[in-house]
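Taking it in order: structure first as structure tokens, then the write-up.
Computed from the coordinates by the stated procedures, all read-outs in this text should not be read as laboratory data. What you are looking at is a predicted structure, and each value in this text was computed from that prediction instead of being measured. In this analysis, Cβ positions are derived from the backbone assuming ideal geometry, glycine residues included, and neighbour counts consider all displayed protein chains.
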Amino acid sequence: MPAVAESFKSGKLSRIADKVASGARLSPGDALELYDCADLPQIGRLAELARQRQAGAGQEQFVYYIHNMHINPTNYCAETCRFCSYANPREQSKAYHWSVDQVIAEAHKGARLGIAEIHLVGGLHPACNLDYYLDVLRRLKKELPHIHIKALTAVEIDYLSRLSGLSSNETLMALKEAGLDSMPGGGAEIFAPAVRKAMLVKKTPPSTWLTIHGIAHSLGIRSNATMLTGIGETAANKVDHMIMLREQQDKSGGFMCFIPLKCHYQGTDLLPEVTPPSEADLLKDIAISRILLDNFAHIKAYWIQLGAQLAQKALSFGADDMDGTIQEEKVTHAAGATTPLQLAAQQIESLIVQAGYVPVERDTVYNIVRIGNSSTAKA
Ligand code: V47
Ligand code: SF4
């Protein structure tokens, strides 16, 4: 048994530590036990043990990031999720939807900065239909063939297929042919029906969200998965959400990364109805997802929502990815995020090095682009 597991022997978590050390799968009950446990440092150490098991020899200390940009073609949305301040702003002057040319012009701005990935997502706008996105993807691939396009959540795929009358499979095949490389993990929110009802989440039900990711995986389109917290969910809801993702991953295997998201409330009517998660809650989400999602290779500390300092702390709670440089983020900033709109690669590398890890610049599917130079990042 590795020394770190040995150190849990007499502790409350010894049974779960044995499971993690031996690579045995945690049950939902085990995960709930972790949520109930007040010993945060011990949970962090367990998550680190799980991360090291998963990382592979010589890569235990690797923390990944990417040069990327977000593009959001429209903030109009046919849905009205209560937690979303980005879509359908009260001030009409702030509503927008971009032409294909505008999207391409934004992408060229990112290309000049050397980005490797475009993260393209938006609201559900009838003008931004399947033909619009096929056009966007074809133009991006033609003009910027070296940039990976991670685009369209399962909710958007569902919307596009309903607008076009095509099945999800046909929609995804058409998008792939036009240039879609992978899919982001948004739109999952929390799968618990009662919370979805309270948050007025009427869109794409969990079973459809999971099925669309399964179809994407079968077509060779890899994807991510998210979980939104701070919207009135319980620990049991979070465990159920992660178990559903783990089961889907057992079936289709194409998820790359899990991203716990933290709700920001400006412009919403959610406070005081819901309790914002504490730092300990957020670190537990990272750590428990790392241990429970034994078939997800990567857990992302999304610095835009956590803030740079907490994202850095999350690295010693099982996270091994800091997302990317981003350039301009709209969804969380519309809801009051105070993080900068972009973090330079140098700053991300410094945060990683200062936490005792090795910064690794990656592409979207986690191929290593460059192993960071620790001494320059420290400077
Ligand atoms: O699905 C909406 C969430 C998500 C708020 O796949 C909010 O690599 C916080 O999915 N406060 C979009 N969150 C973001 C997302 C994502 C981000 C970074 C990387 C990846 C990836 C995916 O943002 C939505 C929703 O769950 N959201 N409103 C809010 N007020
Ligand atoms: Fe629309 Fe997504 Fe915002 Fe819901 S979270 S209102 S689906 S943009």
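Report, to the nearest 10°, how far helix 130-143 tilts away from the longest principal axis of the Cα atoms in the chain, using its own Cα long axis and a range of 0 to 90°.
On a 0 to 90 degree scale, this one is about 80.
Give Lys12/Lys251; Lys150/Lys262; Lys109/Lys176; Lys176/Lys203; Lys141/Lys238 a once-over and call out the pairs whose C-alpha atoms are over 30 Å from each other.
Among Lys12/Lys251; Lys150/Lys262; Lys109/Lys176; Lys176/Lys203; Lys141/Lys238, the Cα-Cα distance tops 30 Å for Lys12/Lys251; Lys141/Lys238.
Restricting the calculation to Cα positions, tell me the Rg (one decimal) and the Dmax (whole number) of the stretch 159-252 in Å.
14.0, 41
What is the packing order of peptides 31-41, 345-355, taking the mean over residues of other C-beta atoms within 10 Å and listing the highest first?
In descending order of packing, they fall as 345-355, 31-41.
Among Gly254, Thr268, Gln92, whose Cα sits farthest toward the positive end of the charge dipole of the stretch 55-378 (+1 at Cβ of Lys/Arg, -1 at Cβ of Asp/Glu, about the Cα centre)?
The Cα lying farthest towards the positive end belongs to Gln92.
If R0 is 25 Å, what FRET efficiency do you get for Glu143 and Leu163 from their C-beta distance, rounded to 0.05?
In this case the efficiency is close to 0.45.
What is the chain's relative contact order, in percent, from Cα pairs under 8 angstrom and six or more apart in sequence?
Reported relative contact order: 21 percent.
I'd like the distance between the alpha-carbon centres of the stretch 318-370 and the stretch 154-206, rounded to an integer number of Å.
Here the two parts' Cα centres lie 26 Å apart.
Computed FRET efficiency, Cβ-Cβ of Asp363 and Lys197, R0 41 Å: what is it to the nearest 0.05?
In this case the efficiency is close to 0.55.
For a label point 7 angstrom out from the Cα of Tyr35 toward its Cβ, which stretches of the stretch 232-263 have the backbone nitrogen within less than 15 Å?
It comes to 232-246, 260-261, nothing else.
Using only Cα atoms, figure out Rg for the chain and give it as a multiple of 2.2 N^0.38 Å.
Rounded to two decimals, the normalised Rg is 0.95.
Going by average Cβ neighbours within 10 Å, how do the peptides 241-254, 222-235, 86-99 rank, with the highest at the top?
Taking the mean over residues of other Cβ atoms within 10 Å, the ranking is 222-235, 241-254, 86-99.
Using the Cα centre of the stretch 55-378 as the reference point, and only Cβ charges (+1 on K/R, -1 on D/E), how large is the resulting charge dipole? Debye, rounded to the nearest 20.
That gives a dipole near 140 debye.
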